[in-house]
Amino acid sequence: MLDKPLGVSSNHALQRVKRLFDARKAGHTGSLDPLADGMLPICFGDATKLSAFLLDADKHYWFRVRLGVSTTTGDAEGEVMQTRPTEGIGMEQIASVLDQFSGEIEQLPPMYSALKHKGKRLYELAREGVEVEREPRAVTIHAFDMHDFALPELQVSVHCSKGTYVRTLAEDIGKALGCGAHVTALRRTGVGPYTEFPMYTMAQL
């Protein structure tokens, strides 16, 4: 399990590991944005045949949310679209909002995603200033826990089904609170059964 560093794509990290191990065949099991770090399972040789099982597996994330600021991408890389006050928002209100996102919910995929529309990635269209209609998708939130709260920031963890967009979760929390929000830090802590599995950094490899 690679502990993918910040600032590099999952494919770039994969290629570096592949060279380090002089592997002829290797693949990763689920992309992480350059802004995100954490668990990136990498399979070598015949093990790549099993990668589909991990692609379909549940995921675990820790992330930090900045309340009161909405961005074009739902994370810190986007441009600020709107700022709103956060005074008066308390822990009980946030806990109530998190409860709203438990179980099966519907998410609208963000424009800044790798989904395709007529053969073109949505994020490519978004960068061109084009927005297309997307269909909501059903995802499952198995657990959603608050770990720290000090206005305007909130730290939470989530155990979710495949296909869940954490940035969309943050934006939806902001909408429910009436102040807007975006992700400022994101770390994947588990994939499928590998929730307490040791991860290795590039330096360690």
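The values are calculated or read from the model by the stated rules, or taken from the named source; none is laboratory data. Just so you know, these numbers come straight off a predicted model, no measurement behind them. All Cβ positions, even for glycine, are placed from backbone atoms using ideal geometry, and neighbour counts span all protein chains on display. Note: accessible area is taken over every heavy atom of the protein model, side chains too, but ligands, DNA and RNA are not part of it. Shrake-Rupley method; radii C 1.70, N 1.55, O 1.52, S 1.80 Å.
General remarks:
- Here r is the Cβ-Cβ distance between Asp56 and Ala150 and R0 is 35 Å; the resulting FRET efficiency, rounded to 0.05, is 0.45.
- In a simple Cβ point-charge model (Lys, Arg +1; Asp, Glu -1; nothing else charged), the chain has a dipole of about 1000 debye relative to its Cα centre.
- Rounded to the nearest 10 square angstrom, His142 shows an accessible area of 100 square angstrom against a 1.4 Å probe.
- Loop-located chymotrypsin sites (Phe, Trp or Tyr not before Pro) in segment 40-137, at most 16 other Cβ atoms within 10 Å (DSSP): none
- Three-way shape label, segment 71-205, alpha-carbon gyration tensor, a/c 1.5: rounded
- Available extension along the chain between Lys25 and Val132 is 34.9 nm, counting 0.36 nm per residue and deducting the alpha carbon span.
- Sequence-distant residues sharing a close amide H with Gly38 (under 5 Å, placed H): Lys4, Arg188
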